[in-house]
Amino acid sequence: MPIAQVQDLRRIAEAVGQLQGHTVETVEIRSDCRLLRIAFSDGRMLVVSVLVGEEGKPRLDVDFLKTPEEASHGQLEVPFNLAHSDEASEES
């Protein structure tokens, strides 16, 4: 098995492992079966999709989406203040 496939399996296993103890709220699947979306009662979501790689071969992709509160933790937030930028333009 190529290293890329092993890394994909590890990433998928890690995403699925985070689901332990969570309650499933809804499960949706696209009509062409290329996307499975599992929503949990705490706002998290698991998205499993089939993507076509550069070689034309299908590959499995899994994303574990956290709640906005968890996702923003540790990120830098920079407010954009239009009034301040106007003052800076006038001083130039």
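For the reader, a short list of remarks on this structure follows.
- Ala13-Cys33 FRET efficiency (beta carbon distance; Förster radius 22 Å; 0.05 resolution): 0.50
- Order of Ile29, Ile12 under a 10 Å beta carbon neighbour criterion, fewest first: Ile29, Ile12
Only the coordinates and a few stated rules stand behind these numbers; no lab work does. Computed from a predicted structure; not experimentally measured. Quick reminder, even Gly has a Cβ in these numbers, built from the backbone with ideal geometry, and neighbours come from all protein chains shown.
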